[in-house]
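The values are calculated or read from the model by the stated rules, or taken from the named source; none is laboratory data. Keep in mind that this is a model prediction, so the values were computed, not measured. Cβ atoms come from the backbone with ideal geometry, glycine included; neighbour counts cover every protein chain shown.
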Amino acid sequence: MFGKTVLPTDPVPAAVIPSYVADGIDRQDADTLKAIEEYARARRKYLAAIEAAEIEAAELAEENEELVDVEDSDGGTVVIKKVPCGKDCEGCPHGPYKYVVRREGETVNWNYRGRVDDTDQ
């Protein structure tokens with residue numbers, strides 16, 4: 001006597017997966033699904049690395065500094081801020097000054113680009 005063959009249950013996509021993505025995946029063979037899985041894993045790792053590389057606003061100015069402008073660019077994050085001179089002068093904070101900031105691993109590197117005239121902002 002032969003036993004009953006139990007077929008696996010067809011998986012249901014998570015609600016956050018758009019139907020056009022799930023429908024496309026459902027039409028693929030096993031080899032293509034493996035390639036999609038590898039791509040999705042690599043894409044998720046890439047996005048996590050990008051998120052980790054983003055520089056948080058708290059890293060761009062100390063408590064006694066004044067952020068004037070922040071803009072992301074291909075060369076890094078452009079930061080314009082006013083900074084105190086450390087001498088308790090009445091003119092503090094001074095500037096604004098321009099910096100290009102890049103994250104390299106755990107380190108945030110600042111590249112001073114000079115004083116910014118009010119008309120340059």
Of the criteria (1) surrounded by 12 or more Cβ atoms within 10 Å (Cβ to Cβ); (2) not in a helix (DSSP H, G or I), which one PRO11 fails:
(1)
Being assigned to a strand (DSSP E or B) and charged (D, E, K, R) is the filter; apply it to region 81-97 and report the residue that is farthest from VAL70 (Cα to Cα).
LYS82
Failed item in (1) over 21 Å from VAL116 (Cβ atoms); (2) out of contact with any Ser or Thr (no Cβ under 9 Å at 6 or more places or on another chain), with ALA61 passing the rest
(1)
Does ASP26 qualify as being on the phi < 0 side of the Ramachandran plot, exposed (fewer than 11 other Cβ atoms within 10 Å of the Cβ) and over 30 Å from the mean Cα position of the chain (by Cα)?
no
Go through region 64-100 and give me each residue that's closer than 17 Å to GLY114 by Cβ, polar (S, T, N, Q) and surrounded by 10 or more Cβ atoms within 10 Å (Cβ to Cβ).
THR77
ALA35 - would you say it is modelled with pLDDT of 95 or more, surrounded by 10 or more Cβ atoms within 10 Å (Cβ to Cβ), part of a helix (DSSP H, G or I) and not hydroxyl-bearing (Ser, Thr, Tyr)?
yes
